[in-house]
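I have placed the structure first, in the form of structure tokens, so that the comments after it can refer back to it.
The values are calculated or read from the model by the stated rules, or taken from the named source; none is laboratory data. These figures come from a predicted structure and were not determined experimentally. Virtual Cβ from ideal backbone geometry, glycine too; neighbours counted across all protein chains shown.
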Amino acid sequence: MKKRTKKRIITFFSLLLVAAGCLYIFRGDIYRFAVSYKEDGSRKNYRVKDKNLAAYIEGNLPSDASKDIESVIDLSQELTAKALSFSLEIKENDPAKTLLLGRANCVGYAAFASAAGNYLIDKYKLSEVWEAKPVKGKLYVLGYDMHKQTKNKSFKDHDFVIFRNKITKREICADPSLYESARIKRIRKYE
């Protein structure tokens, strides 16, 4: 091989590596640009009453946990990702039961994350201002409803969690099943 050809190949792969790195680093921003979630109904909002679930949450909290809402959202997603693995076959949504199963679909993920979120909101005395609720939703990619594009019944909707400030009505949205697979912490709500 000539030096010039080797140099071109090295340059090409270097650029490819830089592009891949940028895509990885900015994956959240790219995802939020392309994908939005539309609230399409409510789901049951579970409260942590089960001792095993409460013990799981308490046992997995870092000792230096911050007590602001952003940290609560991050912790609720981390706890969910640690407890569950994704499965379309599992139809159970009760967080105490999905903890035992170790598996859930997007509905179970949202129920678990919102239950953990509300537990932490109560623990850190943020409940007068904040609440978490799981919602049924629709995914829009570049403005197109993705649920209309498929015949797959398991993709008729996609659940996510809304953390809502009761006073200002500010909403912070998270998709715990997306967080587990891509570590994207926040999503964009469809306007």
Conditions (1) at positive phi; (2) out of contact with any helix residue (DSSP H, G or I) (no Cβ under 8 Å at 6 or more places or on another chain); number of the one not met by Phe26: (1)
Selection status of Ile167, assigned to a loop (DSSP other than H, G, I, E, B), of a type in the set (A, V, I, L, M, F, W, C) and surrounded by 13 or more Cβ atoms within 10 Å (Cβ to Cβ): no
Considering residues of region 145-164 that are part of a loop (DSSP other than H, G, I, E, B) and among the acidic types (Asp, Glu) only, the residue nearest to Ala116 (Cα to Cα): Asp159
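Residue by residue, here is whether (1) assigned to a strand (DSSP E or B); (2) within 21 Å of Glu180 (Cβ to Cβ); (3) in contact with a His (Cβ under 6 Å, 6 or more places away or on another chain) holds:
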{"site": "Leu53", "(1), (2), (3)": "no, yes, no"}
{"site": "Ser76", "(1), (2), (3)": "no, yes, no"}
{"site": "Asn93", "(1), (2), (3)": "no, yes, no"}
{"site": "Leu99", "(1), (2), (3)": "no, yes, no"}
{"site": "Gly108", "(1), (2), (3)": "no, yes, no"}
{"site": "Ala115", "(1), (2), (3)": "no, yes, no"}
{"site": "Lys125", "(1), (2), (3)": "no, no, no"}
{"site": "Ala132", "(1), (2), (3)": "yes, yes, no"}
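Can you pull out every residue in region 146-164 that is without any contact (Cβ under 8 Å) to a residue 40 or more places away in the chain and within 19 Å of the chain's Cα centre (by Cα)? Show your work before the answer.
So in region 146-164, the residues without any contact (Cβ under 8 Å) to a residue 40 or more places away in the chain come out as 146-153, 155-156, 164.
Within region 146-164, Met146, His147, Phe155, Lys156, Arg164 qualify.
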Pairs where the first residue, in region 13-41, is loosely packed, with under 13 Cβ neighbours inside 10 Å and modelled with pLDDT under 90 and the second is of a type in the set (Ser, Thr, Tyr) and assigned to a strand (DSSP E or B), C-beta under 9 Å, 6+ apart: none
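Which ones in region 63-121 are of a type in the set (A, V, I, L, M), in contact (Cβ under 8 Å) with a residue 60 or more places away in the chain and surrounded by fewer than 17 Cβ atoms within 10 Å (Cβ to Cβ)? It would help to see each step written out before you state the result.
Here is the first cut: in region 63-121, the ones of a type in the set (A, V, I, L, M) are 65, 69, 72-73, 75, 79, 81, 83-84, 88, 90, 96, 99-101, 104, 107, 110-111, 113, 115-116, 120-121.
Then keep just the ones that are in contact (Cβ under 8 Å) with a residue 60 or more places away in the chain; that gives 69, 72-73, 81, 84, 88, 107, 110-111, 113, 115-116, 120.
The answer is Leu88, and nothing else.
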